[in-house]
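These notes concern the structure reproduced below.
The values are calculated or read from the model by the stated rules, or taken from the named source; none is laboratory data. Fair warning: this is a prediction, and the values are worked out from it, not measured in the lab. Cβ: placed from backbone, ideal geometry, glycine included. Neighbour counts: every protein chain shown.
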Amino acid sequence: MSMERLEHSELWRVRTFELDSNGHVNNAVYLNYAEHVATEHAEALGYGREWSERLGVAWAVREHQIVYHRPAGYRELLRLTTRIQGMSGVRATRYTEIRRESDGELLAEVTTQWVCIRASDQRPTRIPAELVKGYARDIAAGEDG
């Protein structure tokens, strides 16, 4: 992991079935976007499904906090950007911004607290040391540079 890899961005085109009765992206769908980009980020870093299965761990959401700023509509292109904010013990925190790509307008902000769990019994367990060390190293590198 490097400092720039603490952040991950993807483009997402709004689909018909993501809309509510007002023609806007349904509020709950923004949470799906935050979980999707977090999962893609973990995969890109090499800490995705295969890594988790090998170590016998998984991730579960403990809490989402979301602030809605503006609605998004059908076929709009959105930029989903997630950043790892913290990692300690059994918990990791991510911040995700959802912006309209055409004008950069901030549509929603999501802060998610994830809990590392043992796959065998779904109980919280410490985040594997290699992930915590990589995160700490990247933070330190960012402070030096």
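Within the stretch 23-37, not a single residue is out of contact with any strand residue (DSSP E or B) (no Cβ under 6 Å at 6 or more places or on another chain) and more than 17 Å from ALA108 (Cα to Cα).
Rundown of residues vs (1) at pLDDT 95 or above; (2) surrounded by 19 or more Cβ atoms within 10 Å (Cβ to Cβ), yes/no style:
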| site | (1), (2) |
| --- | --- |
| LEU78 | yes, yes |
| THR82 | yes, yes |
| GLY86 | no, no |
| TYR95 | yes, no |
| GLU105 | yes, no |
| ALA108 | yes, yes |
| ALA119 | yes, no |
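For the stretch 30-41, does any single residue satisfy the condition of being in contact with a Gly (Cβ under 9 Å, 6 or more places away or on another chain), surrounded by 18 or more Cβ atoms within 10 Å (Cβ to Cβ) and of a type in the set (A, V, I, L, M, F, W, C)? Looking for residues that are in contact with a Gly (Cβ under 9 Å, 6 or more places away or on another chain), surrounded by 18 or more Cβ atoms within 10 Å (Cβ to Cβ) and of a type in the set (A, V, I, L, M, F, W, C), one finds none in the stretch 30-41, hence no.
Out of the stretch 46-58, which residues are without any contact (Cβ under 8 Å) to a residue 12 or more places away in the chain and not in a helix (DSSP H, G or I)?
Step one: list which residues in the stretch 46-58 are without any contact (Cβ under 8 Å) to a residue 12 or more places away in the chain, which gives 46, 48-51, 54.
Selection gives GLY46, GLY48.
Just for the stretch 8-21: of the residues that are without any contact (Cβ under 8 Å) to a residue 24 or more places away in the chain and in a helix (DSSP H, G or I), which one is nearest to the chain's Cα centre (by Cα)? Checking each candidate, the answer is GLU18.
Assess whether VAL61 counts as being crowded, with 16+ Cβ neighbours inside 10 Å, within 11 Å of the chain's Cα centre (by Cα) and part of a strand (DSSP E or B).
On the way: crowded, with 16+ Cβ neighbours inside 10 Å: no; within 11 Å of the chain's Cα centre (by Cα): yes; part of a strand (DSSP E or B): yes.
The answer is no for VAL61.
Only a single item in (1) surrounded by 14 or more Cβ atoms within 10 Å (Cβ to Cβ); (2) closer than 30 Å to ARG123 by Cβ is not met by ALA72, and it is number (2).
Can you confirm whether the stretch 22-45 contains a residue that is free of Cβ contacts under 8 Å to residues at least 24 places away in the same chain, of a type in the set (S, T, N, Q) and in a helix (DSSP H, G or I)? Let's see the steps before the verdict.
Taking the stretch 22-45 and keeping what is free of Cβ contacts under 8 Å to residues at least 24 places away in the same chain, we get 26, 28-29, 32, 39, 42-43.
Next cut, of a type in the set (S, T, N, Q) only: 26, 32, 39.
Still in the running and in a helix (DSSP H, G or I): 32, 39.
Yes - at least one qualifying residue is present in the stretch 22-45.
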